[in-house]
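The values are calculated or read from the model by the stated rules, or taken from the named source; none is laboratory data. Since this is a predicted model, take the numbers as computed values, not measurements. Cβ coordinates were reconstructed from backbone atoms using ideal geometry, including for glycine residues, and neighbour counts include every protein chain displayed. What goes into the accessible areas is simple: the full protein's heavy atoms, side chains included, and nothing from ligands, DNA or RNA. Shrake-Rupley method; radii C 1.70, N 1.55, O 1.52, S 1.80 Å.
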Amino acid sequence: MERLRVLLEDALQYVQNASPRERRLLLFAGAGALAFVLLVVWAAFGSSIRRHQGSLDEKRSDFEKVQRLSAGYAQQEQERQMLEARLRQSPPALMGFVDGLARQEGVEIGSMADRGVVSGGQNGRPRESSVDVSLGKVPLEKLMRLLQSIERSPGVIRVRKLRLRKSPENKGTLDVTMTVSAWQAA
């Protein structure tokens, strides 16, 4: 400690005895050294701040992603529960159901064949039953209403296959063959 005090006193003595030119040179050298130290400290803090800011931005991004996924999950869970509830409903007799909707929409059924249970029913999978339906000379508007009525029906009933051809007798109508399926929980 004593040695440091002696060095400091010697340095002050040197500055006091220095010419004005040497004092200016020492002042500029000291200012340069101070500026260098400040620049190093500023760069170190700036780097640390940028690193922490990047980490914070990444965590915010992850949090937003988790929020979006949780909202999507809640919506999908609700849809799954609604579908399970629809699967638990007993579906209508498929042939009578399709025939009733066709009559309601003013569509004449050419033929209908019950395919019975075609898949599922094991290992907790839903049981699928199907009906093949042939319609002749159906205007497009009536066909669209019939398809919408089938798809919006209670339970899980869908048109699985749909084949359209222009009717040879009347170009404004269609000959239609479709398979309508209903699912029920096993």
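Tabulated results
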{"item": "Residues located in segment 114-130, provided they are acidic (Asp, Glu) and either at pLDDT below 70 or surrounded by 14 or more Cβ atoms within 10 Å (Cβ to Cβ) (or both)", "result": "Glu128"}
{"item": "Of all residues in segment 73-108 being open to solvent by 60 Å² or more (accessible area, probe 1.4 Å) and closer than 29 Å to Lys137 by Cβ, the one that is modelled with the lowest pLDDT", "result": "Ala93"}
{"item": "Candidates Ser111, Ser70, Ser19 - the one that is exposed (fewer than 10 other Cβ atoms within 10 Å of the Cβ) and at pLDDT below 90", "result": "Ser19"}
{"item": "Matching residues, segment 131-149, being crowded, with 19+ Cβ neighbours inside 10 Å and in contact with a Leu (Cβ under 8 Å, 6 or more places away or on another chain)", "result": "Val131, Leu135, Val138, Leu143, Leu146"}
{"item": "Segment 155-182, residues that are modelled with pLDDT under 85 and more than 19 Å from Ala113 (Cβ to Cβ)", "result": "Gly155, Val156, Ser167, Pro168, Glu169, Asn170, Lys171, Gly172, Thr173"}
{"item": "So Leu69, is it touching a residue at least 60 places away in the same chain (Cβ under 8 Å), among the aliphatic types (A, V, I, L, M) and under 30 Å from Ala185 (Cα atoms)", "result": "no"}
{"item": "Of the criteria (1) in contact (Cβ under 8 Å) with a residue 60 or more places away in the chain; (2) assigned to a helix (DSSP H, G or I), which one Ser153 fails", "result": "(2)"}
